[in-house]
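Only one structure is covered here, and it is reproduced in the block below.
The values are calculated or read from the model by the stated rules, or taken from the named source; none is laboratory data. Because the structure is predicted, anything quoted here is derived from the model rather than measured. Positions of Cβ are backbone-derived with ideal geometry, glycine not excepted, and every protein chain shown enters the neighbour counts. Surface accessibility is based on the protein's heavy atoms, side chains included, excluding ligands, DNA and RNA. Shrake-Rupley method; radii C 1.70, N 1.55, O 1.52, S 1.80 Å.
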Amino acid sequence: MNTFKETPYWWEEAEPQAADNGSPPEKADIVVVGGGFAGMGAAIPLARAGRDVVVLERDRPGDGASSRNGGITSGNLRVSFSKLVAKFGMEKAKAFYAEGNEARDDLKAFIENEKVDCDYELVGRFTGAMNAESLENMKREIDLLNRQVGIDAKIIERSEQSDEIGTELYHGGVSRSDIGGVHPGKMHRGMRKVAEKSGVKIFGGTGVTDISRVGGQFKVTTPKGVIMASHVIVATNGYTDAGLPWLRRRLVPVISEMIATQPLSANLMKTLMPKRQMHGEAREVGHYYRPSPDGTRILLGGRRLSSDSAVARERLRQGLVDIFPELSETQLSHHWFGFVAFPMDQLPKLTIHDGVVYATGFCGSGVVWARWMGQKAAMVVLGSEDGASAFDGPAFRAIPFYNGKPWFLPVMMGWYKLKDQMSRRK
Ligand SMILES: Cc1cc2nc3c(=O)[nH]c(=O)nc-3n(C[C@H](O)[C@H](O)[C@H](O)COP(=O)(O)OP(=O)(O)OC[C@H]3O[C@@H](n4cnc5c(N)ncnc54)[C@H](O)[C@@H]3O)c2cc1C
């Protein structure tokens with residue numbers, strides 16, 4: 001019988017640790033709500049600027065998506081460049097994508113400068129096309145991106161594909177040299193260490209139940225007491241709860257989940273993933289996958305389309321076998337999930353509402369974006385011009401007829417699934 005763990009593979013080496021620091025203080029310069037990549041990304045520069053910073057985290061810092069993800073440093077935007085041009089015009093579309101370039105480079109610099117031990121490798125990413133039409137669309141998009149934003153992307157024809165990946169499934173695809181991978185558990189652990197060393201005070205098991213304004217201050221309420229602060233940054237993304245009702249009405253939490261295989265032979269790994277790089281698929285609810293940092297197993301993820309965990313796991317396993325039929329008998333070692341968050345327009349958000357700064361809405365691509373937007377939020381609080389972002393413009397709209405419980409998700413996911421199935425038949 002297949003036995004597997006229902007905790008992230010990453011936790012074998014870097015499980016989030018509790019932050020049992022007692023009750024938070026009665027006041028602070030800045031309260032950061034949420035202790036993932038975004039929360040740490042905000043707290044570090046603030047503490048380094050000499051501010052008294054308190055991070056309040058409902059569970060253990062890192063327990064959210066930040067220690068559960070695929071670790072792919074895509075800095076991806078869910079909306080294609082051409083759609084952004086159509087909606088916002090060329091200059092604004094360029095600004096969105098150019099900020100992705102900046103954010104990817106900044107993550108690399110942060111990891112190197114702070115010596116964050118997180119298996120960061122700039123190995124590249126190959127995204128497979130599901131049919132010939134999809135490859136043609138990719139060609140048009142990549143041509144635009146290369147010309148307008150200077151992204152280093154290359155079309156790989158089906159005949160050249162075996163250099164990228166050992167599968168017959170795709171009809172060619174796109175290779176990107178500016179994307180790599182990290183061990184997300186170790187990255188979060190490293191960020192937490194940097195934050196604590198910089199003087200950030202972190203309180204786990206301290207969920208925020210209310211934020212209100214009293215005079216020129218913010219009153220932040222938790223079951224462990226009330227904190228008065230001059231500024232509040234909210235970085236709760238897909239885990240946003242009823243304590244943050246304004247944000248909850250603007251974000252749809254979606255389950256993203258992953259499986260890890262048992263170790264595979266070095267020869268097989270070399271055949272399947274000759275470049276040891278990151279992978280994606282050009283479809284609505286496609287898979288993302290990668291080798292483990294030690295190169296011994298494959299980790300594959302996707303959106304959850306079933307409320308039954310066994311069905312969901314089997315769908316991922318079948319997805320893996322569709323790509324690599326050699327793995328039909330391979331056992332799994334782990335299956336886990338986490339929540340990502342989508343705003344209505346599917347663009348990351350840096351927004352101020354009623355004085356509170358929100359860094360959120362990374363649409364499943366927060367390894368690069370969450371730390372970056374957290375850092376931008378910190379710059380906003382410090383009044384620095386570095387707080388400017390292309391993402392502080394588009395309105396952060398409430399989702400109609402929605403109070404935080406996404407009743408419409410099964411319908412949407414069913415529609416995406418159908419669309420993918422139809423496009424595979426082409
Ligand atoms: C399975 C999976 C795979 C993914 N793969 C990738 C990938 O390969 N590449 C990529 O770029 N992105 C990926 N992502 C997305 C990425 O992990 C997230 O976008 C990113 O981690 C978000 O970071 P965050 O700090 O904003 O939120 P989180 O890390 O989710 O942290 C939010 C925190 O807020 C806390 N919180 C919530 N409410 C309160 C409250 N009221 N008071 C106090 N604390 C509260 C939560 O407990 C949580 O710890 C993946 C996500 C998942 C789940």
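Here are a few things to note about the model shown:
- Extension gain, Thr271-Glu133: 0.36 nm per intervening residue step, less the Cα-Cα distance, totals 47.0 nm.
- If you plug the beta carbon distance of Leu382 and Glu284 into 1/(1 + (r/R0)^6) with R0 = 35 Å, you get a FRET efficiency near 0.35.
- Between the beta carbons of Ala49 and Lys5, assuming R0 = 51 Å, the FRET efficiency works out to 0.80 to the nearest 0.05.
- Farthest towards the positive end of the charge dipole of the chain, among the residues Pro394, Leu107, Asn237, is the Cα of Pro394, using unit charges on the Cβ of Lys, Arg, Asp and Glu.
- Per-atom-type breakdown for segment 24-132 gives carbon and sulfur 46% of the accessible area (1.4 Å probe, protein chains only).
- Charged-residue dipole, Cβ positions (Lys, Arg, Asp, Glu), segment 300-391 about Cα centre, Debye nearest 20: 120 debye
- Of the listed residues Ser177, Ser74, the order by accessible area with a 1.4 Å probe, largest first, is Ser177, Ser74.
- Alpha carbon centroid spacing (whole Å) that separates segment 198-255 from segment 285-328: 34 Å
- Convex hull volume of the C-alpha atoms in segment 11-424, normalised per residue: 136 Å³.
- Across the options Leu347, Leu145, Leu135, the greatest Cα extent toward the positive end of the charge dipole of the chain (unit charges at beta carbon of Lys, Arg, Asp, Glu) belongs to Leu347.
- Label-to-label distance, nm, for residues given as Asp354 and Gln148 (7 Å Cα→Cβ offset): 3.7 nm
- Counted as membrane-span-like here are DSSP H helices of the chain whose alpha-carbon atoms extend 18 Å or more along the helix's own axis and whose Kyte-Doolittle mean is -0.5 or above; these are 309-323, 366-382, 409-424.
- Normalised by the number of residues in segment 122-272, the average gap of Cα pairs under 8 Å and 6 or more apart makes the relative contact order 18 percent.
- Fully extending the segment from Glu314 to Ala242 would add 22.7 nm, taking 0.36 nm per residue of separation and subtracting the current Cα-Cα distance.
- Our summary gives the chain a relative contact order of 25 percent, counting only alpha carbon pairs under 8 angstrom and 6 or more residues apart.
- Net dipole in debye of the chain [+1 Lys, Arg Cβ; -1 Asp, Glu Cβ; about Cα centre; nearest 20]: 860 debye
- Added length on full extension, which subtracts the Cα-Cα distance from 0.36 nm per residue, Ser328 to Arg78: 86.9 nm
- Three principal axis lengths of segment 254-361 [C-alpha, angstrom, descending]: 57, 32, 24
- Partner aspartates and glutamates whose Cα lies under 16 Å from the Cα of Lys270, excluding those fewer than 8 positions away in the same chain, are identified as Asp163, Glu164, Glu168, Asp294, Glu326.
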